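Here the structure is laid out as structure tokens; the discussion comes afterwards.
The values are calculated or read from the model by the stated rules, or taken from the named source; none is laboratory data. As the structure is a prediction and not an experimental result, all values here were calculated from the model. Reconstructed Cβ throughout: ideal geometry from the backbone, glycine too, with neighbour counts over all protein chains shown.
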Amino acid sequence: MKRIMEAVQAWIEKYMVPVMNKITSTYWFGIISDAVLYVVPFCMVSAIPSLWSVLRNFIPALPDISALNTYSFGLIGLFVSFIIPHNVAVKEGKRDRAMIAGFTSIGVYMMCMNAQAVEGGMLFDMNKFGAGGMFTALFVGFIVGFIYKKTCSKSFFGEDSVIPDFVKNWFDNILSVLISLFVGFLLTFVAKVDVFSVVALVMSPITGFAQSLPGVVLIVVIQNMLYFFGISGWVTTPVTRTITQAAIAENAAAMAAGMAPQNIYAYGFSRYHHIGGQGATLPLAVMMLFSKSKKNRMLGKATIVPSLFNINEPLVYASVANNPYMFMPMLLIAIILPTFSYLWFAFGWGTINYVNFDMNFAPNAISAFFMSGGDWRNVVLVILNMIIAALIWYPFFRAWDKNEAKKEEAKLAEREAKKAARAARRAARAEASASKIAGEDPLADDGEASEIGAPSEA
């Protein structure tokens, strides 16, 4: 078993980790990752009306504040389309073109919506502005960002031009804006392509696999293994958050239409298996409070409170990452907990998440309750998963803690031995010094006596 574990660990370290490091260090991954993370505050704000809607189920007299959600979380697709080319321009050192790049992307994004003309105006589908349009927003943002990357260094004016910089900036943006809008025009109005439908079709194999049990388990295994080797699970956020935000938006729409939500792997699913943080380390933090190792007890005291709020980086990097004892529990938890959670919802034992309660630092049971619209069975799932995680962690933690305690005892014994040796050396030196003094005094006395008793030469 030990050889198998070492072989798997070596394979992941040799092949998987370098690939992920290479991917996460690419130009476009950084741009897209930042764009997805920039919209997190709007998702967090939307948690307030989402929580409020749950309370309205119990107190119908409360006013409807869903508009706060519509114009925050409901517009994140639009925001993402702006951020990507904006950040491209900034990264290329063209801050003076960054805002125009973002506005251009918004124009192309809305052009791709192909709004329908109705009496008195234009009709837009609001679902396309939010999480439902995230993949298209990423696509449009990438296209416009790519165009700006290739054209932002071009200028109609020389460096010695006397024309004011802001005027030059107006004209220099024309080429990038024109090309971007023309691409959107060709796709939407000439080729008659429904960009949103095409992007959804292209992404359907990925999103479909992510909604399957093997897909969910694979995602969590990748996250936990990366975390074990010291790479934060945040590197997968651009992919996972895009999928889960779109999924929970569909679930919310289904509930609003009186139908049951279908997307199990929706935003917040991780609350059921990342208990105390990625890797379900809350039970581990509790165990450390009662460990034999003094170092582990101190670590447990320092990390137990953050772990309650899903902050486990100090715990993981201090005790789990690259620790051979912890490899197997991280892997088992990544397989067992998501599987159990997925089957729990597949069998209808709980309500699939449909409320966007985006409070990552809320204790898991609280998030589970509100994201399910107030279903206590989801809280039971969190408790059961915590028990399962504790059972998985315990034997591995106990073996590691016993080994750490032995190391500490050995170090203590070594320090005591060195201390005793130093004391013995000091005592030996003191004894030698005393003996030397005692050996010299008699000679001094005899000399003095012979000198007194000797006859005078006078």
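Only one entry of Val177, Val202 meets the criterion of being in a helix (DSSP H, G or I), among the hydrophobic types (A, V, I, L, M, F, W, C) and touching a helix residue (DSSP H, G or I) at 6+ places or on another chain (Cβ under 8 Å), and that entry is Val177.
Residues in region 84-104 that are crowded, with 23+ Cβ neighbours inside 10 Å and either among the hydrophobic types (A, V, I, L, M, F, W, C) or under 23 Å from the mean Cα position of the chain (by Cα) (or both): Ile84, Val88, Ala89, Ala101.
How many residues, within region 232-291, are of a type in the set (A, V, I, L, M), under 18 Å from Ala389 (Cα atoms) and surrounded by 24 or more Cβ atoms within 10 Å (Cβ to Cβ)?
Of the residues in region 232-291, 6 are of a type in the set (A, V, I, L, M), under 18 Å from Ala389 (Cα atoms) and surrounded by 24 or more Cβ atoms within 10 Å (Cβ to Cβ).
Of all the numbered requirements in (1) of a type outside the set (S, T, N, Q); (2) assigned to a helix (DSSP H, G or I); (3) without any contact (Cβ under 8 Å) to a residue 40 or more places away in the chain, Ile65 misses one, and that requirement is (2).
Of all residues in region 322-357, those being touching a helix residue (DSSP H, G or I) at 6+ places or on another chain (Cβ under 9 Å) and either closer than 21 Å to Pro261 by Cβ or surrounded by 24 or more Cβ atoms within 10 Å (Cβ to Cβ) (or both) number 23.
The residues of region 243-262 that are closer than 15 Å to Phe129 by Cβ and under 19 Å from the mean Cα position of the chain (by Cα), listed by number, are Gln245, Ala246.
When region 64-99 is examined, which residues are found to be within 16 Å of Asn173 (Cα to Cα) and of a type in the set (A, V, I, L, M)? If the condition is that a residue be within 16 Å of Asn173 (Cα to Cα) and of a type in the set (A, V, I, L, M), then Val88, Ala89, Val90, Ala98, Met99 are the ones that fit.
When Leu412, Leu391, Leu384 are checked against the criterion of being surrounded by fewer than 18 Cβ atoms within 10 Å (Cβ to Cβ), within 22 Å of Met328 (Cα to Cα) and free of Cβ contacts under 8 Å to residues at least 40 places away in the same chain, a single residue qualifies: Leu391.
Taking every residue in region 94-116 that is of a type in the set (Lys, Arg) and pairing it with any residue that is at pLDDT below 90, at least 6 positions away or on another chain, the pairs with Cβ-Cβ distances below 8 Å are Lys94/Cys152; Lys94/Ser153; Arg97/Cys152; Arg97/Asn169; Arg97/Asp172; Arg97/Asn173. Contact map, region 341-352: first residue within 15 Å of His273 (Cβ to Cβ), second residue basic (Lys, Arg) and surrounded by 12 or more Cβ atoms within 10 Å (Cβ to Cβ), Cβ cut-off under 7 Å, separation 6 or more or different chains; pairs are Gly350/Arg377. For region 176-192, indicate whether the set of residues that are closer than 21 Å to Ile31 by Cβ and either surrounded by fewer than 15 Cβ atoms within 10 Å (Cβ to Cβ) or among the hydroxyl-bearing types (Ser, Thr, Tyr) (or both) is non-empty. Yes, because at least one residue in region 176-192 is closer than 21 Å to Ile31 by Cβ and either surrounded by fewer than 15 Cβ atoms within 10 Å (Cβ to Cβ) or among the hydroxyl-bearing types (Ser, Thr, Tyr) (or both). When you check Phe361 against the structure, is it closer than 23 Å to Phe73 by Cβ, within 21 Å of the chain's Cα centre (by Cα) and not polar (S, T, N, Q), yes or no? When the stated conditions are applied, Phe361 passes them. Selection of region 170-205 for residues being closer than 22 Å to Thr242 by Cα and either free of Cβ contacts under 8 Å to residues at least 40 places away in the same chain or in contact with a Phe, Trp or Tyr (Cβ under 6 Å, 6 or more places away or on another chain) (or both) yields Ser197, Val198, Val199, Leu201, Val202, Met203, Ser204, Pro205. Has region 147-157 got at least one residue that is surrounded by 23 or more Cβ atoms within 10 Å (Cβ to Cβ), within 28 Å of the chain's Cα centre (by Cα) and within 24 Å of Val239 (Cα to Cα)? No, there is no match, as no residue in region 147-157 is surrounded by 23 or more Cβ atoms within 10 Å (Cβ to Cβ), within 28 Å of the chain's Cα centre (by Cα) and within 24 Å of Val239 (Cα to Cα). When Ala249, Ala285, Ala302 are checked against the criterion of being under 21 Å from Phe345 (Cβ atoms), of a type outside the set (S, T, N, Q) and out of contact with any Lys or Arg (no Cβ under 7 Å at 6 or more places or on another chain), a single residue qualifies: Ala249. The set of residues in region 55-75 being among the aromatic types (Phe, Trp, Tyr) and either in contact with a Leu (Cβ under 7 Å, 6 or more places away or on another chain) or within 17 Å of Phe370 (Cα to Cα) (or both) consists of Phe58, Phe73.
Scan region 334-355 for residues that are among the polar types (S, T, N, Q) and more than 25 Å from Tyr227 (Cβ to Cβ) and the total you get is 1. Apart from one condition, Gly374 fits all of (1) under 30 Å from Leu332 (Cα atoms); (2) in a helix (DSSP H, G or I); the exception is (2).
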